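To start, the structure itself, in structure tokens.
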Amino acid sequence: MRIATWNVNSLRARADRVEAWLDRSDVDVLAIQETKCKDENFPWDLFERLGYDVAHFGVSQWNGVAIASRVGLEDVERTFEGQPTFGKEEADAVQESRAIAATCGGVRVWSLYVPNGRDRNDPHMQYKIDWLGVLKDQAASWLATDPDAQVALVGDWNVAPRDEDVWDIDLFEREQATHVSAPERAAFHAFEEAGFADVVRPYTPGPGVYTYWDYKQLRFPRREGMRIDFVLASPALAARVTGASIDRQERKGKGASDHAPVVVELA
DNA sequence: ATGTCGCCCATTGGGCGA
């Protein structure tokens with residue numbers, strides 16, 4: 001079985017590329033982030049044509065997460081328990097479409113689009129830290145209930161957990177950039193402490209290996225990227241992993257997403 | 001270079017988010 005995660009940065013703008021990739025990648029499950037559409041604008045036909053069931057959660061032009069599967073799509077859940085809300089004013093805080101789950105071929109898959117943070121001192125950063133904290137507590141509780149649970153927490157984590165996960169850590173520190181701060185890294189590592197493992201890095205070691213390259217400033221041709229898209233697996237699922245890859249090719253050419261797909265192979 | 005994208009509302013540009 002093959003499971004993939006991909007921040008497509010608008011599904012409608014990239015429908016042809018996503019369909020072509022899905023057709024040739026031979027994945028059984030694809031978790032998608034940043035569909036950037038509401039359910040009523042979602043391209044359901046694209047997945048139907050290729051034989052995938054799909055569930056989507058999108059409430060505005062922002063965020064949007066989906067799971068496509070050809071090995072079953074059961075017990076779909078939109079948002080996790082206690083998922084924090086966000087709004088510029090407290091009065092308009094809403095539940096954003098950043099998390100959707102489904103059981104696919106016996107694996108509980110969560111497609112996650114972690115809040116960006118925007119700036120180390122922006123309220124969005126506290127939202128990001130809280131969001132990750134509540135999700136971690138939930139994920140830990142699932143393992144406490146069933147230590148043998150096969151759970152995949154996949155998506156755009158918007159955290160670069162190690163210095164080698166950005167092209168120039170000195171620059172990021174000078175600029176007090178997001179994604180590399182101590183609280184963000186601690187929030188990410190808490191998942192590892194709870195028993196979840198990054199199952200991709202062992203097969204795609206750095207430095208210089210990334211999943212995202214900004215559109216600006218020729219970041220991709222300059223090989224200046226960030227590793228921020230991860231598949232974190234519970235112990236029972238991690239034990240099944242036989243390989244993983246980052247499809248850097250898909251970042252090339254006109255009309256590419258700024259993120260590459262990440263694929264995990266299971267025995 | 002504040003260097004690129006994609007969305008929306010609106011209307012050939014501005015605002016927002018990443």
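The values are calculated or read from the model by the stated rules, or taken from the named source; none is laboratory data. As the structure is a prediction and not an experimental result, all values here were calculated from the model. Neighbour counts run over all protein chains shown; Cβ positions are idealised from the backbone, glycine included. Note: accessible area is taken over every heavy atom of the protein model, side chains too, but ligands, DNA and RNA are not part of it. Shrake-Rupley method; radii C 1.70, N 1.55, O 1.52, S 1.80 Å.
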Exercise. Restricting the search to the range A:146-171, which residues are open to solvent by less than 20 Å² (accessible area, probe 1.4 Å) and over 18 Å from A:V109 (Cα atoms)?
Worked result: A:N158, A:V159, A:A160, A:P161, A:D165, A:V166
Seminar exercise, completed: Of those in the range A:91-125 that are modelled with pLDDT under 95 and touching a Gly at 6+ places or on another chain (Cβ under 9 Å), the residue surrounded by the fewest Cβ atoms within 10 Å (Cβ to Cβ) is A:V94
Seminar exercise, completed: Selection from the range A:249-264 of residues touching a strand residue (DSSP E or B) at 6+ places or on another chain (Cβ under 9 Å) and either free of Cβ contacts under 8 Å to residues at least 60 places away in the same chain or open to solvent by 60 Å² or more (accessible area, probe 1.4 Å) (or both) yields A:R251
Seminar exercise, completed: Picking from A:A190, A:A140, the residue that is within 29 Å of A:A55 (Cα to Cα), touching a helix residue (DSSP H, G or I) at 6+ places or on another chain (Cβ under 6 Å) and small (G, A, S) would be A:A190
Exercise. Looking at the range A:210-223, which of the residues that are in contact with a helix residue (DSSP H, G or I) (Cβ under 8 Å, 6 or more places away or on another chain) and not hydroxyl-bearing (S, T, Y) is farthest from A:L266 (Cα to Cα)?
Worked result: A:F220
Exercise. Would you pick out the residues in the range A:208-254 that are in contact with a Lys or Arg (Cβ under 8 Å, 6 or more places away or on another chain) and farther than 21 Å from A:Y113 by Cα?
Worked result: A:G208, A:F220
Exercise. Of all residues in the range A:130-181, which are closer than 25 Å to A:T85 by Cα, in contact with a strand residue (DSSP E or B) (Cβ under 7 Å, 6 or more places away or on another chain) and among the β-branched types (V, I, T)?
Worked result: A:V151, A:V154, A:V180
Problem set entry | Options A:Q138, A:Q150; residue that is polar (S, T, N, Q) and in contact with a Leu (Cβ under 8 Å, 6 or more places away or on another chain) | A:Q150
Problem set entry | Criterion (away from DNA strand B (no atom under 13 Å from the Cβ) and charged (D, E, K, R)) met by exactly one of A:E193, A:E175 | A:E193
Exercise. Has the range A:201-216 got any residue that is within 16 Å of the chain's Cα centre (by Cα), open to solvent by less than 60 Å² (accessible area, probe 1.4 Å), away from DNA strand B (no atom under 13 Å from the Cβ) and of a type outside the set (S, T, Y)?
Worked result: yes
